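S.K.: Please find one structure pasted underneath; my questions will follow.
Every number here is computed from the coordinates shown, using simple stated rules; none is lab data. This one's a predicted model, so the numbers in the text were calculated from it and none came from an experiment. For neighbour counting, all protein chains shown are included, and Cβ atoms are generated from backbone atoms with ideal geometry for every residue, glycine included.
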């Protein structure tokens, strides 16, 4: 599970869509939007892996 600060950061940068509900603090993230974000992260990582040697990844 992601930390609250990570989720807030993703919402603030616009990487993850959310709407405000109730008071000023609560946000709602649609399941579809979260799944789209996760799929995009997998695709970006796969592209990064294809661009790098596998040896470069082991040093991280």
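S.K.: What's the total number of residues in the stretch 26-49 that are in a helix (DSSP H, G or I) and within 15 Å of residue 15 (Cα to Cα)?
M.R.: We begin by selecting, within the stretch 26-49, every residue in a helix (DSSP H, G or I); these are 31-49.
If we keep only those that are within 15 Å of residue 15 (Cα to Cα) as well, we get 31-44.
Final tally of qualifying residues: 14.
S.K.: Please go through the stretch 23-37 and give me each residue that is exposed (fewer than 11 other Cβ atoms within 10 Å of the Cβ) and out of contact with any strand residue (DSSP E or B) (no Cβ under 9 Å at 6 or more places or on another chain), ordered by number.
M.R.: Selection gives 23, 24, 25, 31, 32, 35.
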